[in-house]
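Working notes, beginning with the structure itself.
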Amino acid sequence: MEIEGLKIKIGGLCLDTPVLPASGTFGYGDELVDVIDYKYMGAIITKTLTWNETMGNPPPRIWELENGLINSIGLQNIGVKRFCQEKLDNLIKLNKPIIVSVGGKTDDDILRCIEFLSNRKEISAFELNLSCPNIQLSKIISEDPQLIFKTIEKIRNLTDRVLIAKLSPNVTDICETGVAAEKAGADIICAVNTFKGAFYDWENEKMYKGGVSDSAIFPMALRAVFELYRKVSVPVIGLGGIDSGKKALEMVFAGASAVGIGTAFVISPDLPEKICNEIIKFLNNTGKDFRSIIGMKNEKHS
C-alpha cells in the first residue's frame, strides 16, 4: 500500500490522509510550505480565528514540563477579515481541504465569524473551538451540554459546511457533551482540547494557569476517544499527546477516524510523514485497510 491508500472520507470531508495538524500548532497553514511535505497531511487546519484581531494573553505564556507543555496563548490571531485577505489564497494553492478553526468570547462572536467565512466556498469545514481554557469566560461552552447544543444548533442554521465540534476534556463525562454536539448538528467530534493545569515559576515566585498538552495527556485523550466512539455515531478525530505512529494507531484502534498532532508537530515537523509511514507499514503487515482498523480494539455499544 502507498500513501494513496490512506485517503478517507469522514463526515463529508475527503481527507488525503488521516493525519491532521491540530489547530494552534500549524499557524494559518501556509508557514511551513518550505519545511514539510504537505502530501502527508489530510487537510489544513488553521489556528483559531476570532471576529476581531487579538493579541492574546501577555507573556509569559508557554512553560515546559518534563513530559508536556503548558500554554496560555489566549487565541492570538489576525481575525477573520485579515485571514481572508492575507492567507486564504495561499491555502487554496496547496490543494488541500481547508478547515478553519473558529472561536470567540461569546457565541455571537462565533456566529459572526461563521456567517462571514461561509461566503468563501473554498473553505471545506469549520472547527468550532468551544473549549479553549485560556480565554476569560464565565463558562466554557463545551463544558456544558445544554450550552454546546444551543451554540452548535445556531451555527448549523447558518451554514451547510462540515462542522467539527472540538470538545473540552475538563468535564465529568465527555460523552454528554459529545452527544449534545451531535444532536445539535455537528458532523464530526474532535477530542480533546488541552487539560487545565498550572505551573509554578520558582524564579518569579508566581503561579500560572494554562492548558496542558503533549505526551502527558495521551492516556486521558485516548480514553476520551474510546468512550466517545461508543456513544456517538459521527466520526471522531482523536488528538492529545500523539508523538509517534504507534500512538496514532492506538488512537485509531480506540475509535478515531483521523488523528491530530499538536505539540509534537512543533518539535518534529516531519511527524506527519513518520505517522503515515507507520500506519502504512502496519496495514501492509496485517493485510488490512485503514477503515477496517478504526475502533478495532473497541467494542462499540449502543
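Each reported figure results from applying straightforward, stated rules to the coordinates on display, with no laboratory input. Just so we're clear, the structure is a prediction, and the values are computed from it rather than from any experiment. Glycine gets a Cβ as well: all are built from the backbone with ideal geometry, and neighbour counts include every protein chain shown.
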*Cβ charges +1 (Lys, Arg) and -1 (Asp, Glu), total dipole of the stretch 17-74, debye*: 180 debye
_Amide H contacts under 5 Å for Lys196, placed H, 5+ residues apart_ = Val212
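Kindly work out what percent of the DSSP beta bridges joining two residues of the stretch 136-279 are antiparallel, to the nearest 5.
Details: 7 of 16 bridges.
Taking every DSSP beta bridge within the stretch 136-279, about 45 percent pair in antiparallel fashion.
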*Using helices alone, what [θ] at 222 nm do you get for the chain, with -39,500 (n - 2.57) per DSSP H run of 4 or more residues, divided over all residues and rounded to the nearest 500?*
-9000 deg cm²/dmol
*Which values, in whole Å and largest first, are the semi-axes of the equivalent ellipsoid of the stretch 1-51 obtained as the square root of 5 times each eigenvalue of the Cα gyration tensor?*
21, 15, 7
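How much of the DSSP bridge set in the stretch 102-221 is antiparallel, in percent, rounded to the nearest 5? Don't skip to the end; give the middle numbers.
Working: 7 of 16 bridges.
Among the beta bridges of the stretch 102-221, antiparallel pairing accounts for roughly 45 percent.
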*What's the FRET efficiency of Lys288 with Leu94 using the Cβ-Cβ distance as r and R₀ = 35 Å, to the nearest 0.05?*
0.70
*Among Glu2, Glu31, Glu227, which comes first, second and so on when ranked by fewest other beta-carbon atoms within 10 Å?*
Glu2, Glu31, Glu227
*Taking the dipole about the Cα centre of the chain, with the C-beta of Lys and Arg at +1 and of Asp and Glu at -1, give me whichever of Leu239, Pro269, Ala186 is farthest to the positive side.*
Ala186
*Of (i) 51, 48, 45; (ii) 52, 50, 40; (iii) 76, 47, 35, which is the value of Cα extents along the principal axes in Å derived from the coordinates here?*
(i)
*With a/c under 1.5 counting as rounded, go ahead and sort the stretch 181-292 into rounded, prolate or oblate using the C-alpha gyration tensor (a ≥ b ≥ c being the square roots of the eigenvalues; past the cut-off, prolate if a/b is larger than b/c, else oblate).*
oblate
*So what's the gap between the Cα centers of the stretch 1-69 and the stretch 174-246, to the nearest angstrom?*
15 Å
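Give me the dipole magnitude in Debye, nearest 20, for the stretch 79-172 about the Cα centre, with unit charges on the beta carbon: positive for Lys and Arg, negative for Asp and Glu. It would help to have the intermediate numbers written out before the result.
Working: 15 positive and 12 negative charges, 53 e Å.
Using only the charged Cβ atoms, the result is roughly 260 debye.
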*Can you give the relative contact order of the chain as a percent, counting alpha carbon pairs under 8 Å and 6+ residues apart?*
18 percent
*Counting DSSP beta bridges with both partners in the stretch 2-135, what percentage is antiparallel, nearest 5?*
45 percent
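Let me know the charge dipole size of the stretch 121-188 about its Cα centre in debye, to the nearest 20, where only the beta-carbon of Lys, Arg (+1) and Asp, Glu (-1) is charged. It would help to have the intermediate numbers written out before the result.
Details: 8 positive and 10 negative charges, 45 e Å.
Using only the charged Cβ atoms, the result is roughly 220 debye.
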*Calculate the spin-label point distance for Asn52 paired with Asp201, positioning each point 7 Å from the Cα along the beta-carbon direction, and give it in nanometres.*
2.6 nm
